Amino acid sequence: MGGGEGSAAREALRHRTVESVVMCDIDEEVVGFCRAYLSVNRDAFASDKLCLVINDARAELEKSREKFDVIVGDLADPVEGGPCYQLYTKSFYELVVKPKLHDRGIFVTQAGPAGVLTHKEVFSSIYNTLRHVFKHVKAYTAHVPSFADTWGWVMASDHPFTLTAQQIDERIKDRIHGELEYLSGDFLISSTTLNKSVRLSLLNETHVYTEDDARFVHGHGIDGALYLTETTGTRAEQ
């Protein structure tokens, strides 16, 4: 779901065991631009294993007759008035996503900023919401320099996550085309260890994300853009 630039599809297609990838993004203009100019993902877009769909992810899942081993939510942040916040709700997870997973299937979604000062915006709520739908839920984080913050993801399944770091490394060696530059078994396991503040917030969170009671990411990009525009204009006049 989402992933219009093709990077998530590219990494999924590196797994020799993957038979097909369906990438559904609503923004045809972004997808078209990236297919034309983002050379690092050119092979992924050209792969016979990739089925590219331009549509709303919810509508596409609802009408699909397929079941999947993994569903990935590579979505935009839930912002007020935006197109994606309804894809973080309990009803969506429960009524749309979960029925489309195989019995041992896994759902994973990006879950917004997860820093000490920002994790209560949506991260803790998304985590708690998924705990109301799936039996086993894991939150994990990583620093994303371009976002200037720690970022969060949540992985959920009705089957327990039991792989050790060694087993993950063995599967990477057996299944992945090429050498991974970032991920290893030890690093993936360590990413689920959260700092004390964030861990306690997730454990104590009571909010369940719904259409009528949603939380949103409140960024600062608009104010910053206005400031830069005004400053640039003033300097130009001077």
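The values are calculated or read from the model by the stated rules, or taken from the named source; none is laboratory data. What you see is a predicted model, and the numbers here were worked out from it, not measured in a lab. Ideal geometry is used to build each Cβ from the backbone, glycine not excepted, and the neighbour counts take in all protein chains shown. Ligands, DNA and RNA are stripped out before the accessible areas are found, and what is left, the full protein with its side chains, is counted by its heavy atoms. Shrake-Rupley method; radii C 1.70, N 1.55, O 1.52, S 1.80 Å.
A few notes on this one:
- Selection count, segment 23-46, where residues are over 20 Å from residue 84 (Cα atoms), of a type outside the set (D, E, K, R) and open to solvent by 100 Å² or more (accessible area, probe 1.4 Å): 2
- Selection from segment 84-95 of residues that are over 21 Å from residue 4 (Cα atoms), surrounded by fewer than 20 Cβ atoms within 10 Å (Cβ to Cβ) and either not acidic (Asp, Glu) or not assigned by the TED database to the domain that holds residue 149 (or both): 90, 91, 95
- Any hit, segment 34-48, residues being farther than 27 Å from residue 173 by Cβ and touching a strand residue (DSSP E or B) at 6+ places or on another chain (Cβ under 6 Å): no
- Qualifying residues in segment 69-81 (those that are at pLDDT below 95 and either over 16 Å from the mean Cα position of the chain (by Cα) or not in a loop (DSSP other than H, G, I, E, B) (or both)) - the one surrounded by the fewest Cβ atoms within 10 Å (Cβ to Cβ): 81
- Of all residues in segment 198-210, those that are open to solvent by less than 50 Å² (accessible area, probe 1.4 Å) and part of a helix (DSSP H, G or I) total 3.
Conditions tested, residue by residue: (1) free of Cβ contacts under 8 Å to residues at least 60 places away in the same chain; (2) closer than 30 Å to residue 190 by Cβ; (3) out of contact with any strand residue (DSSP E or B) (no Cβ under 9 Å at 6 or more places or on another chain).
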position: 60; (1), (2), (3): yes, no, no
position: 87; (1), (2), (3): no, yes, no
position: 117; (1), (2), (3): yes, yes, no
position: 130; (1), (2), (3): yes, yes, no
position: 145; (1), (2), (3): yes, yes, yes
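- Criterion applied to 5, 28 was being over 17 Å from the mean Cα position of the chain (by Cα) and of a type in the set (D, E, K, R), and the one residue passing it is 28.
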